1. Could you work out the relative contact order of chain A, using alpha carbon pairs under 8 angstrom and six or more residues apart, expressed as a whole percent?
2. Given Cβ point charges of +1 (Lys, Arg) and -1 (Asp, Glu) and nothing else, what value in debye, to the nearest 20, does the dipole of the protein assembly as shown about its Cα centre take?
3. Determine the dipole magnitude for chain B: charges of +1 sit on the beta-carbon of Lys and Arg, -1 on that of Asp and Glu, nothing else is charged, the reference point is the Cα centre, and the result goes in debye to the nearest 20.
4. Hey, what number do you get for chain B at 222 nm if only DSSP H runs of n ≥ 4 count, each worth -39500 (n - 2.57), divided across all residues, to the nearest 500?
5. Need one value for A:19-32: mean number of C-beta atoms belonging to other chains within 10 Å of its residues' C-beta atoms.
6. Could you state, as a whole-number percent, how many of the C-alpha pairs of the protein assembly as shown are farther apart than 39 Å?
7. Can you work out D for the range B:2-79 in µm² s⁻¹ from Stokes-Einstein, where Rh is the Kirkwood radius over C-alpha pairs, the temperature is 10 °C and the viscosity is 1.306 mPa s?
8. If one computes P(r) from the Cα atoms of the range B:144-261, what percent of pairs lie at distances over 24 Å?
Amino acid sequence: MAESVQALPNDIKEIIEVYEWDLRTREGIQRFKRLRAKSLPSVALNEELVFEAIIPPQEELIQAIMDRYRPNQRS
Amino acid sequence: MYVFKPQGVCPAEIHFALENNAIKDVRMVGGGCIGNSQLIAGLLEGMDVDKALPFLRGIVCRNGTSCPDQLGKALLMAQNGEIAEADPITTGIEEAGELLKLAVISEAMGDSEGIERVYALSKAEGAQALYSLGNLTRGGGDGADDAAVELAVKKGIRVVQGPIDRMIALGRFGDHGAEVSVKQANRDRLLITPLIRMFNLGDRHGVAFHGGFIQDLPGFSDFGPYASEILSVCYLSDYLRDESVFPAMETMLKHFSASIVLFGTTGEWKHVRLGEVDMINVGSLRSGEFYRYALIEWTKGGVVVQFRSTPVEN
């Protein structure tokens, strides 16, 4: 999953901050539960679970990011 | 050993020991640059904390900090008593000999009569060993705990520590640290009882523990032995109650070392098979007017789990 985020174009990477959580850790499980996720891999954008049990095609991931992007607000 | 959770760096944990203010056994766990970590550990081995700190603090790699910087912070906190030295999580030695059928109880709570009954019944049914998944004792102060511990020793019951057993062993039973009336010899026996026990059942490898209290002990590491089993079962799935996360648990199975997971926290009885892993929640020994236990048998077709009960009045 992290690889697909790394592969995003630079102009997209510049407007996002990426956090990766590991379900082997208590911190990762806590995050997983807070997002009410059920499966892996999962992608949340702005605290909202957007993709679950899927690595989205790059176009879909970019579209989902742009749908939530507000200039002057990095999130 | 100290287990420190750093902030802003790749490893999830930093482990180290201090001996007369000398640094020992530094490990970056759960991420980071393996080569650099080994170099840091090698250079610091045996070095006095005060000598090492100037080399560590203030180095920046990412997020305004670095692994050496976080290690420096941890060493300072350890020196100042701000983080506690943790006892290692004790795992039992894997028992020799092949098991094909075993019996399991949990939360015996000092009930020697029930333990005796299940021991005899399960033996008659071919069980080669009886496991007790914690809280063999209850802190009653009436001699029942001593009797239960001595019975477990006499019968060779394979016991793991539960939270009550641990508090009694450490002499801290009760909210106010009330004095424990269990004999010192039996408290010592409880103290050396492992938190986690491993076993082999046929060609399957199993692990037995009480439950999630282990993850709250200072020595618990998310990357320690059987941590994936403990965290997935106890925390992620809430002791198998939250079935909605089973798809995520299935993804985690590749990190499991055991394919049979026995635990006994909740008083509930449940057997879940995900992939090739059998997870079995063993409830309390006594439930109302019944004694209850689990019989687990290896067969060529897989593990067969039966929950048995017998009336208390017999």
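1. On the way: 60 pairs, mean separation 21.4, N = 75.
It rounds to 29 percent for chain A.
2. Numbers: 40 positive and 53 negative charges, 40 e Å.
The dipole magnitude comes to about 200 debye.
3. Details: 29 positive and 40 negative charges, 81 e Å.
In debye, rounded to 20, chain B gives about 400.
4. On the way: 9 runs with 83 residues, N = 314.
-7500 deg cm²/dmol, from helical runs alone.
5. Working: counts 0, 1, 0, 5, 10, 10, 10, 10, 3, 4, 10, 2, 0, 4.
So the per-residue partner count for this stretch is 5.
6. Values: 22577 of 75466 pairs.
Across the protein assembly as shown, Cα pairs with separations above 39 Å total 30 percent.
7. On the way: Rh = 12.1 Å.
The diffusion coefficient I find is 131 µm²/s.
8. On the way: 2560 of 6903 pairs.
When all Cα pairs of the range B:144-261 are counted, 37 percent exceed 24 Å.
Taken together, the values in this text are just the output of simple stated rules run on the coordinates, not laboratory data. Keep in mind that this is a model prediction, so the values were computed, not measured. Cβ atoms come from the backbone with ideal geometry, glycine included; neighbour counts cover every protein chain shown.
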